[in-house]
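J.: Dropping the structure in here first, questions after.
The values are calculated or read from the model by the stated rules, or taken from the named source; none is laboratory data. A quick note: this is a predicted structure, and the numbers were derived from the prediction, not measured. Glycine gets a Cβ as well: all are built from the backbone with ideal geometry, and neighbour counts include every protein chain shown. Please note that ligands, DNA and RNA were not included when accessible areas were found on the heavy atoms of the full protein model with its side chains. Shrake-Rupley method; radii C 1.70, N 1.55, O 1.52, S 1.80 Å.
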Amino acid sequence: MFQVGELGDCFLLKFKKDDNESSVLIDCGSFRNSDKSEHRLQAIAGFIQEDLKGKSLDVVVGTHQHNDHLSGYVHAFDIFRQTGVDNVWLSWLDDPKDEQAGKIAAGQRKVTENLQKIVTGLAKNNNESHLLASERISDILGFYMAPDVEEPIPEKKEKRPPVVPQMGVDNLRKLGKTITYLSPGSVVDLPALPQNLVKVYVLGPPRNSNLLFDINPNKDETYDSKLAAVSNLAEGYLSAMKNFTGESVDSDEGNFPFDKKYDKKLTSKLFSKEYQAKTNAWRTIDDEWLDQAERLSLYLDTYTNNSSLVLAFELVESGKVLLFVGDAQTGNWLSWEDIKWDEKKVKAGFSLDYLLNNTVLYKVGHHCSHNATLKEYLDDKITHPHLVAMIPVDRTDPNITKDKGWKMPAVNLYNKLKEKAENRVLVMDIGYDADCDPDGEAKESWAKVPFKPVYNQQKFYIEYEVHGAPN
Ligand SMILES: [Zn+2]
């Protein structure tokens, strides 16, 4: 787990057996695209190149189209090209030949563009609440594009937001000798190793659009109607915003139930006495509409997180599993139960429970936010006595430290992970907290697993080794 220095994910996995070795890079990105972010990602890519001693990367994975997972494939593209990449794995959602994926991508792009217009429009209004709303939506859109993206949105399609994540995927396609788009239910042997040493099971993203799109999916609704609803809302919002700035008058206003002569000015006696009384501040509705845009952007965000490619690596000899979920949120997790596995590729009696019960390394989803690890699974199924959790979170990230910042790691989940993994929990920002210190408070707990983690601050990584044989 590399320390990308802000919110982000970058994991290098090396599988070794005798003289065989296979390297897998899962995501390489950070949130901001600043000079500092670029330099850090380039240093990490440089270290990976050095570490491989002239060998190319066997597999590089891009889990989902968010900046904090893919920006390194843009900022350190030349280094990765020099290193060489044999196989690139992306999800079916990135497959240009997949019709369903194409429709979803177009819808998503439209909503993103409208939200970007809303951010720009609100920022122009000289109004504190508008600026605040603009900033909060802009924070979420930061997952999709470079903050210095040109305005107005360029005509050229390839330059439109989401700029960086899209470029990341394009670059991955350029880097890989072979590109594979994975769908749930596939089982593949890990490249560069003899067959049947490490098997990779694809769990997500779901093909079922309901699950893909929502935190609390409703069986009766289809993806398309939801996307259409979000699009309509965003457009309605834009129109309301134009009204606010006085650029145009909405014809709907002609249908208001009261005649103009009944209008009351905000400065009228009634308003100054009742509506504007300090004690009534909580009842005012002037800024309520601003929240809607933030809700739309969160909706978009959930969708993209759920589009994460989820991979379980089975070390066949012992059956131990390394679970990498990207930023999958509840909808993605819920879909795993219904996966139809390729029967020729799995053992008789194989089930999802087998993978969860044998998970000895869990890459915690979405920087340990509260709805990116399915609680029931963590409670009852991810129960291996050797469980270790790795959380890619940087608690100094301004989006976390600021007032009403993002709750990462979510306290309850973090505590639950410590309980389940007996404090064998590693965090990206400082290696481990005091209560998880392998040489301190958690010494006994780490002694129960074959290897202790190594924290190399100079080279920006926290390393943990799993013993592939039983025990
Ligand atoms: Zn992320």
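J.: Considering every residue within segment 349-364, establish whether at least one is within 19 Å of the chain's Cα centre (by Cα), basic (Lys, Arg) and more than 16 Å from the ligand (Cβ to nearest atom).
T.: no
J.: If you go through segment 96-147, how many residues are among the acidic types (Asp, Glu), more than 17 Å from the chain's Cα centre (by Cα) and either part of a helix (DSSP H, G or I) or buried (at least 18 other Cβ atoms within 10 Å of the Cβ) (or both)?
T.: Residues meeting the conditions: 4.
J.: Quick check on my filter: what residues within segment 6-21 are open to solvent by 60 Å² or more (accessible area, probe 1.4 Å) and either within 16 Å of the ligand (Cβ to nearest atom) or in contact with a Cys (Cβ under 9 Å, 6 or more places away or on another chain) (or both)?
T.: Those that are open to solvent by 60 Å² or more (accessible area, probe 1.4 Å) and either within 16 Å of the ligand (Cβ to nearest atom) or in contact with a Cys (Cβ under 9 Å, 6 or more places away or on another chain) (or both): none in segment 6-21.
J.: Of the numbered conditions (1) assigned to a helix (DSSP H, G or I); (2) in contact with a Cys (Cβ under 7 Å, 6 or more places away or on another chain), Phe47 fails exactly one; give the number of that condition.
T.: Among (1) assigned to a helix (DSSP H, G or I); (2) in contact with a Cys (Cβ under 7 Å, 6 or more places away or on another chain), the lone unmet condition for Phe47 is (2).
J.: Let me ask you something else. Output the number of residues of segment 9-36 satisfying the condition of being farther than 18 Å from Leu70 by Cβ and either in a strand (DSSP E or B) or in contact with a strand residue (DSSP E or B) (Cβ under 7 Å, 6 or more places away or on another chain) (or both).
T.: 8
J.: Further question: When segment 407-416 is examined, which residues are found to be in contact (Cβ under 8 Å) with a residue 40 or more places away in the chain and either within 16 Å of the ligand (Cβ to nearest atom) or open to solvent by less than 10 Å² (accessible area, probe 1.4 Å) (or both)?
T.: Met408, Pro409, Ala410, Leu413
J.: For the condition among the hydrophobic types (A, V, I, L, M, F, W, C) and within 30 Å of Asp51 (Cα to Cα), what is the one hit in Val425, Val411?
T.: Result of the check over Val425, Val411: Val425.
J.: Something else about it: Can you pull out every residue in segment 434-467 that is of a type outside the set (A, V, I, L, M, F, W, C) and open to solvent by less than 30 Å² (accessible area, probe 1.4 Å)?
T.: Pro438, Ser445, Pro453
J.: Let me ask something else about it. If I ask for residues that are hydroxyl-bearing (Ser, Thr, Tyr) and under 26 Å from Lys242 (Cβ atoms), which ones from segment 269-296 would you list?
T.: Matches in segment 269-296: Tyr275, Thr284.
J.: Residues that are assigned to a helix (DSSP H, G or I) and touching a residue at least 24 places away in the same chain (Cβ under 8 Å): does segment 266-283 have at least one?
T.: No, segment 266-283 contains no residue that is assigned to a helix (DSSP H, G or I) and touching a residue at least 24 places away in the same chain (Cβ under 8 Å).
J.: Starting from segment 174-197, take each residue that is under 20 Å from Lys344 (Cβ atoms) and list its partners that are part of a loop (DSSP other than H, G, I, E, B) and among the β-branched types (Val, Ile, Thr), counting only C-beta distances under 9 angstrom and pairs at least six apart or across chains.
T.: Correct list of pairs: Pro184/Ile339; Gly185/Ile339; Val187/Val346; Asn196/Val316; Leu197/Val316.
J.: Oh, and also: Restricting to segment 22-39, give me the number of residues that are touching a residue at least 12 places away in the same chain (Cβ under 8 Å), open to solvent by 20 Å² or more (accessible area, probe 1.4 Å) and either of a type in the set (Val, Ile, Thr) or away from the ligand (no atom under 16 Å from the Cβ) (or both).
T.: Within segment 22-39, residues that are touching a residue at least 12 places away in the same chain (Cβ under 8 Å), open to solvent by 20 Å² or more (accessible area, probe 1.4 Å) and either of a type in the set (Val, Ile, Thr) or away from the ligand (no atom under 16 Å from the Cβ) (or both) number 2.
J.: Sticking with this structure for a sec: Ala348 is checked against (1) part of a loop (DSSP other than H, G, I, E, B); (2) at pLDDT 85 or above; (3) loosely packed, with under 13 Cβ neighbours inside 10 Å and fails just one. What number does that condition carry?
T.: All conditions are met except number (2).
J.: Here's a follow-up. Among the residues of segment 61-89, what is the count of those that are part of a strand (DSSP E or B) and within 16 Å of the ligand (Cβ to nearest atom)?
T.: 1
J.: Then there is this: Filter segment 374-405 down to the residues that are within 16 Å of the ligand (Cβ to nearest atom), in a loop (DSSP other than H, G, I, E, B) and open to solvent by less than 10 Å² (accessible area, probe 1.4 Å) and list them by number.
T.: Pro392, Val393, Asp397
J.: Could I ask something else about it? Please tell me if Thr284 is of a type outside the set (A, V, I, L, M) and open to solvent by less than 50 Å² (accessible area, probe 1.4 Å).
T.: Considered against the rule, which asks whether it is of a type outside the set (A, V, I, L, M) and open to solvent by less than 50 Å² (accessible area, probe 1.4 Å), Thr284 comes out as yes.
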